[in-house]
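Read through the structure below, which is laid out as structure tokens, and then see the notes.
The values are calculated or read from the model by the stated rules, or taken from the named source; none is laboratory data. From a predicted model like this one, the values you see are computed outputs, not experimental measurements. Neighbour counts run over all protein chains shown; Cβ positions are idealised from the backbone, glycine included.
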């Protein structure tokens, strides 16, 4: 396996890695999310949609953004501060030395303290957190839609001026995904070819 030294990477390399990372994150998370609703999302998306999807989701959903930020910060603190201290206390125990190769783990925890190879590891953990939370959100939304009456949250105004109240699931640059009240199958409508306007419905006060 070829190792890439972080100190040998230039700004352009980091930009390229970040670009690929966002695309892969967007494709995987969206494919899983829409797959929960029975949609083959790869047939409806583009590279640009995949690239901006994670950014758009986090900027439009502050609860998810805060939750991921807190979990990410806690993981960073644990890996760089807590885990090395715990290891130092355990490594002197005879039972621990019999179970693990301490010489191997000494190097790994030393790298953690010095923050070597930390960025790739944190990127992987963020990937898992993001995809997991997106999957959980999709499963929760599907459960509500399948078990309860669909409450519209958007009005679609088509080019022939027809109006339709729907429950939005998501959208990208080309398609709007939604449920029609009374139906249990998701609908994907091309935005440019069919829709003239998308309005957000005001929440009814209880």
- Message: Contact list please: Cβ distance under 7 Å, first residue in the stretch 129-158 and touching a residue at least 40 places away in the same chain (Cβ under 8 Å) and on the phi > 0 side of the Ramachandran plot, second residue surrounded by 14 or more Cβ atoms within 10 Å (Cβ to Cβ) and outside any helix (DSSP H, G or I), pairs at least six apart or on different chains.
- Response: none
- Item | Matching residues in the stretch 159-176 - criterion: being farther than 25 Å from residue 48 by Cβ and touching a residue at least 24 places away in the same chain (Cβ under 8 Å) | 161, 165
- Query: Inside the stretch 1-17, can you point out the residues that are at pLDDT 70 or above and surrounded by fewer than 12 Cβ atoms within 10 Å (Cβ to Cβ)?
  - Reply: 10, 11, 12, 15
- Only one of (1) surrounded by 13 or more Cβ atoms within 10 Å (Cβ to Cβ); (2) touching a helix residue (DSSP H, G or I) at 6+ places or on another chain (Cβ under 8 Å); (3) modelled with pLDDT under 90 fails for residue 184. Which number is that? (1)
- For the stretch 55-78, pairs from a residue that is free of Cβ contacts under 8 Å to residues at least 60 places away in the same chain to a residue that is assigned to a helix (DSSP H, G or I) and loosely packed, with under 12 Cβ neighbours inside 10 Å, with Cβ under 8 Å and 6 or more apart or across chains, are 65/59
- Note on the structure: The one condition residue 49 fails out of (1) touching a residue at least 24 places away in the same chain (Cβ under 8 Å); (2) under 20 Å from residue 132 (Cβ atoms) is (2)
- Query: Hey, does the stretch 28-41 have a residue that's under 30 Å from residue 168 (Cα atoms), touching a helix residue (DSSP H, G or I) at 6+ places or on another chain (Cβ under 9 Å) and exposed (fewer than 15 other Cβ atoms within 10 Å of the Cβ)?
  - Reply: yes
- Condition met for residue 179 (in contact (Cβ under 8 Å) with a residue 12 or more places away in the chain, outside the structural domain of residue 38 (by TED's automatic domain parsing) and either under 26 Å from residue 51 (Cβ atoms) or within 25 Å of the chain's Cα centre (by Cα) (or both)): yes
- Residues 92, 66, 82: which one is within 21 Å of the chain's Cα centre (by Cα), loosely packed, with under 13 Cβ neighbours inside 10 Å and over 30 Å from residue 181 (Cβ atoms)? 66
- Item | Flag for residue 90 being at pLDDT below 80 and touching a helix residue (DSSP H, G or I) at 6+ places or on another chain (Cβ under 7 Å) | no
